[in-house]
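In what follows, a structure is listed as structure tokens, so that the remarks can point back to it.
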Amino acid sequence: MKLDIREIPFSRFGSYFCVSQEKDADEIYIRDVHGGDDAPSKLFKLDLLQNGAPKGFDILATETALRFQLVGDEEKYAEIILPEEDELHIETSGVEVRLKASKVKYDTLHEYEDGMFEYHIYPKELKLMISNLSGEMSVEAPWNVIGNDFIDIRMKNGHFVIESYRTVYQQKEYASFEAGKEKVEGLYREWVANVTKGSEVYQPSIGRAAYITWSSVVHPDGILKDYAMYMSKLWMYNIWSWDNCFNALHLGANYPELAYSQLKIFIDTQDDSGVYPDFVNDKFISYNCIKPPVFTYVYEKLMDMNDYFKDPNRLRGIYDSTKKVMHYYDLYRTYEGRLPHYKHGNDSGWDNASLFHQGMPVEAPDLASFLIRTYDSLARFAVILGEEAEATQFTKKADSLFELLMERLYDENGFFGRVGKNAEKIDFRSSLILRLPVLIGYRLEKKVMDQLVCDLVENFETPYGFATEMPSSPLYKENGYWLGPIWAPVTYLFVDSLTSFGYSEIGKRIRDKFLNLTLVGGMAENFDPISGKGLVDTSFTWTSSVFLEFVEKKLKDD
């Protein structure tokens, strides 16, 4: 596959290194995603020089090698590979590579040994060793009291390595460039061998999704005790709670250990109050917001997919952790006589949805539905684990919540929300989030479910699926995040619910629309529901994961 590194950064499984091109400019940057998306990621701006002058070049990028080739002369190039997780190798032939550091005040570079320079990147708490294995390398880095004024590195006609580490550099032997290239090609072949081939129509999307899921994984480091699939290495390089579940869902069949680790990351960082972090990276844990409780929903599907997840110890881990989550909602997110509430739009995952435009806190039918389904799942888990008394308690909790949901947030016109200390009805009913009680379609009366499905088809269905805000709504906004664009995880929840609860024809239609959408908009964070254009971050893993799950299901149906 040919990569456009404006849309999908060049990287590999396990690496924090990536290379990308600015979306609206020609600049190429070698980047590092340690520290998450609040940390600076740009390490070096890369240019090709000939006789000291910048030269134009073509970018030839595949899943495992990135070549910058002088226009009209394929013998003069620089090539980048990532044969090891913490190593970036550069080979040059007939041209000079210039790396200009994107440094700040306290960043420092000094000569470590002949042909080796150690670079301390202060805000990232990261060090790089830049080594000349063969060829010519020159460094200009004038010192000024507490750091270098600038850092300019030139590499020519040889093999060079940039290696990252936290504290102490460990001397090692590096593989040849060709051997390194063969190694990473083999690793990628192993990954794609487990990716569904699907139909010929969807091959471009399958290739893109396979690469994004593979290359967006980082290795254990700092807070992260296991391999983690980031949402992206382009802009949103963290692992978010609820995003992680959809990635785990895709990994479950062929990579169960990796799938379980995506859930375990949040179990291991669960707060004493019971809440999961909003996001985690190698350096930070944020509890600023919560996310929808989808762990048990996904875990049941993983159990159906692979017996690995039926292991009693693993199931017990999910079970005990989820009990703490539910305790959190009971104690800290529920006023007496009311349903659990959101304190921020971001808590729902639907940050700026119209449901939240009148203020906070919000009692929302989607949250109640997630919690009801979680209690029902916990009851099933409890039976498997021999906790019969707890199973009964969980079913009673689910029953009670369901009665309260129908009493407080449903009328003849459908579901709605309540806001503020007086729990007033929210006027806005044009968000798709209010239709998420389809998740508990097994509990809803048929007339209620029929009403929901009719509403979805009449008011939300577009050429590419369900818009997140009614296109007829005055609040609908082009490129409006949750005010119209289509999102993969939400599409999955609706498709799964529709096909599970008696509306298979509609569910499969929406699934197929999403598959077609990726041929237009790629694997973006979200999509314009009318044109199909990919929006915001254009290299997103939960989009890729959902797409690959849908392709697999379509293949089985066909």
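Here are a few things to note about the model shown:
- Reducing the range 163-208 and the range 397-432 to their Cα centroids gives an inter-centroid distance of 49 Å.
- Probing with 1.4 Å while keeping every protein chain in the model, the per residue accessible area of the range 27-67 equals 37 Å².
- When the inverse distances between all different Cα atoms of the range 130-267 are averaged and flipped, the Kirkwood radius reads 18.5 angstrom.
- By the rule of a C-alpha distance below 13 Å, with chain neighbours fewer than 8 residues away ignored, the aspartates and glutamates paired with Lys197 are Glu549, Glu552.
- Using C-alpha pairs below 8 Å separated by at least 6 residues, the relative contact order for the range 451-546 is 26 percent.
- Note on the range 122-160 and the range 10-32: Cα centroid distance 18 Å, given to the nearest whole angstrom.
- Heavy-atom accessible surface of the range 81-232: percent carbon and sulfur, 1.4 Å: 49 percent
- Rh by Kirkwood over Cα pairs, then Stokes-Einstein D for the range 53-178 at 1.306 mPa s and 10 °C, µm²/s: 103 µm²/s
- Taking the longest Cα principal axis of the chain as reference, the axis of helix 295-305 is set at about 80 degrees.
- Spatially proximal lysines relative to Lys76 (Cα-Cα < 16 Å; intrachain offsets below 8 disregarded): Lys55, Lys156
- Over the Cα atoms of the chain, the radius of gyration divided by the Kirkwood radius equals 1.01; this is the Rg/Rh ratio.
- Helical mean residue ellipticity (222 nm; -39500 (n - 2.57) per DSSP H run of 4+; nearest 500) of the chain: -11000 deg cm²/dmol
- Where the range 470-523 is the region considered: accessible area per residue in Å², 1.4 Å probe: 36 Å²
- Counting protein heavy atoms only, the range 437-558 has 51 percent of its accessible area on carbon and sulfur, 1.4 angstrom probe.
- Against the chain, whose longest principal axis comes from its Cα atoms, helix 488-500 is set at around 40 degrees.
- The modelled label-to-label distance for the pair Thr395/Met360, using points 7 Å beyond Cα in the direction of Cβ, is 3.7 nm.
- In summary, the aspartates and glutamates within cross-link reach of Lys533, defined as a Cα separation below 17 angstrom excluding same-chain residues under 8 places away, comprise Asp4, Glu7, Asp24, Glu461, Glu469, Glu478, Asp512, Glu525.
- A 1.4 Å probe run over the protein chains yields, for the range 111-230, 48 Å² of accessible area per residue, whole-number rounding.
- Working ranking of peptides 81-87, 507-513 by packing, defined as the average number of other Cβ atoms within 10 Å per residue, highest first, is 81-87, 507-513.
- Computed P(r) (all Cα pairs; the range 363-410; 5 Å bins; percent): 5, 27, 28, 18, 12, 8, 3, 0
- Taking the accessible area of the range 345-405, probe 1.4 Å, and keeping the other protein chains in place, the carbon and sulfur fraction comes to 51%.
The values are calculated or read from the model by the stated rules, or taken from the named source; none is laboratory data. Quantities reported herein were computed from a predicted structural model and do not represent experimental measurements. Backbone-built Cβ (ideal geometry, glycine too); neighbour counts: all protein chains shown. SASA here: full protein model, heavy atoms, side chains in, ligands and nucleic acids out. Shrake-Rupley method; radii C 1.70, N 1.55, O 1.52, S 1.80 Å.
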